[in-house]
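Student: I'd like to ask some things about the structure below.
The values are calculated or read from the model by the stated rules, or taken from the named source; none is laboratory data. Just so it is clear, the structure is predicted and the values come from calculations on it, not from any experiment. All Cβ positions, glycine included, derive from the backbone under ideal geometry; neighbour counts span all protein chains shown. The accessibility values were calculated without ligands, DNA or RNA, using every heavy atom of the protein model including side chains. Shrake-Rupley method; radii C 1.70, N 1.55, O 1.52, S 1.80 Å.
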Amino acid sequence: NETYTDVKSAKAHGLTVVRVPAYSPYAVAEHAVSLLMAINRKIPAASTRVKMANFTLDNSLIGMDIHGKTVGIMGTGKIGQILCKILNGFGAKLLCYDVYESDEVKELGAHYVTKDEIFEQADVIFLMMPLLPATKHTINEEVVSRLKKGVLIVNTARGGLIDTKALIQGLQSGQIGGVGLDVLENEADYFFQDWSAKSIEDPELTSLLGNNRVVLTAHQAFFTKEAVSKIVDTTLDNIKIWKEDRLEGLLHPNNCIPAVMK
């Protein structure tokens, strides 16, 4: 994606840059639910305690039933639709937001509402939207103040959908009860690298890593055997198309360089 590829420079030099537009939406949707259950049922903390031979229970480990709760899904593309099916199995009340409403989602009994209705009513919010000027910092300081107290937030889409400073403030105040993240606003400086022997200088990342109400994975939501196999196959097909048909730049079917660039 554009986080790791300078597509403007590629276009300026006449280079073909292609992508894998879809691989396994199931992988991402399932990972999102895994993050929800990890923060809701305090799985990381519980596992750590048990490994230290502490088998007691206290209020720090208490969670809630997802059954009967109001869950907001912001973005109902392929991944969001699969997520809705999974959450429907939990018996949750589904509130959705997307500029394009899905009949398949409606058939599950989900209701399309405004963003504000999700912010004010949802016990859980999933961010499944693309990062666009209109969606950047969907979760910001003003929005955090209007969220249902103790809301759980899961983001497996794009880090820029959340204003990290506002997120941290919400966690500290208790307005946000927990967050599951597979993406970060400034992840390019750290993700896909081993920082275990180095000092992390980003204070926001440090704050998230030190918060036991945060479960963070490093952009691995896609990382299943099936998805990787699809990525490899599509990448080889991309090379074959480019080599045999000489489809370059904007003509390549999986081109990722926008026709008009700012």
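Student: Can you find even one residue in region 187-198 that is under 14 Å from the mean Cα position of the chain (by Cα), open to solvent by 10 Å² or more (accessible area, probe 1.4 Å) and closer than 28 Å to residue 60 by Cβ?
Tutor: no
Student: Quick check on my filter: what residues within region 37-55 are in a loop (DSSP other than H, G, I, E, B) and either open to solvent by 80 Å² or more (accessible area, probe 1.4 Å) or touching a His at 6+ places or on another chain (Cβ under 8 Å) (or both)?
Tutor: First pass over region 37-55, keeping only residues in a loop (DSSP other than H, G, I, E, B): 41-42, 52-55.
41, 52, 55, listed by residue number.
Student: Continuing with this model, one more query. Just wondering, is there one or more residues in region 72-81 that are touching a Gly at 6+ places or on another chain (Cβ under 7 Å) and closer than 24 Å to residue 149 by Cα?
Tutor: Restricting attention to region 72-81, the residues satisfying the condition of being touching a Gly at 6+ places or on another chain (Cβ under 7 Å) are 73.
Subsequent filtering for residues that are closer than 24 Å to residue 149 by Cα retains 73.
For region 72-81, residues touching a Gly at 6+ places or on another chain (Cβ under 7 Å) and closer than 24 Å to residue 149 by Cα: present.
Every residue, every condition in (1) among the β-branched types (Val, Ile, Thr); (2) closer than 14 Å to residue 153 by Cα; (3) without any contact (Cβ under 8 Å) to a residue 12 or more places away in the chain, yes or no:
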| residue | (1), (2), (3) |
| --- | --- |
| 45 | no, no, no |
| 58 | no, no, yes |
| 69 | no, yes, no |
| 72 | no, yes, no |
| 103 | no, no, yes |
| 123 | no, yes, no |
| 135 | yes, no, no |
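Student: Can I ask one more? From the list 156, 114, 138, which residue is in contact with a strand residue (DSSP E or B) (Cβ under 8 Å, 6 or more places away or on another chain) and surrounded by fewer than 21 Cβ atoms within 10 Å (Cβ to Cβ)? Show your work before the answer.
Tutor: Values: 156 fails: surrounded by fewer than 21 Cβ atoms within 10 Å (Cβ to Cβ); 138 fails: surrounded by fewer than 21 Cβ atoms within 10 Å (Cβ to Cβ).
Sole residue among the options that is in contact with a strand residue (DSSP E or B) (Cβ under 8 Å, 6 or more places away or on another chain) and surrounded by fewer than 21 Cβ atoms within 10 Å (Cβ to Cβ): 114.
Student: Check residue 72 against each of (1) under 25 Å from residue 177 (Cβ atoms); (2) open to solvent by less than 10 Å² (accessible area, probe 1.4 Å); (3) over 18 Å from the mean Cα position of the chain (by Cα) and name the one condition it does not meet.
Tutor: Against the list (1) under 25 Å from residue 177 (Cβ atoms); (2) open to solvent by less than 10 Å² (accessible area, probe 1.4 Å); (3) over 18 Å from the mean Cα position of the chain (by Cα), residue 72 comes up short only on (3).
Student: Specify which of the listed residues (93, 78) is in contact (Cβ under 8 Å) with a residue 12 or more places away in the chain, surrounded by fewer than 17 Cβ atoms within 10 Å (Cβ to Cβ), over 21 Å from residue 215 (Cα atoms) and not acidic (Asp, Glu). Steps first, please.
Tutor: Working: 93 fails: surrounded by fewer than 17 Cβ atoms within 10 Å (Cβ to Cβ).
Of the residues listed, the single one that is in contact (Cβ under 8 Å) with a residue 12 or more places away in the chain, surrounded by fewer than 17 Cβ atoms within 10 Å (Cβ to Cβ), over 21 Å from residue 215 (Cα atoms) and not acidic (Asp, Glu) is 78.
Student: Here's a follow-up. Which count do you get for residues in region 194-238 that are among the small types (Gly, Ala, Ser) and assigned to a loop (DSSP other than H, G, I, E, B)? Write out each step before concluding.
Tutor: Here is the first cut: in region 194-238, the residues among the small types (Gly, Ala, Ser) are 196-197, 199, 207, 210, 218, 221, 227, 229.
Going one step further and asking which of them are assigned to a loop (DSSP other than H, G, I, E, B), we end up with 196-197, 199, 210, 218, 221.
Total meeting the criteria: 6.
Student: When you go through 2, 30 one by one, which is the residue that is within 25 Å of residue 184 (Cβ to Cβ), modelled with pLDDT under 95 and open to solvent by 80 Å² or more (accessible area, probe 1.4 Å)?
Tutor: Details: 30 fails: modelled with pLDDT under 95.
One residue alone meets the criteria, 2.
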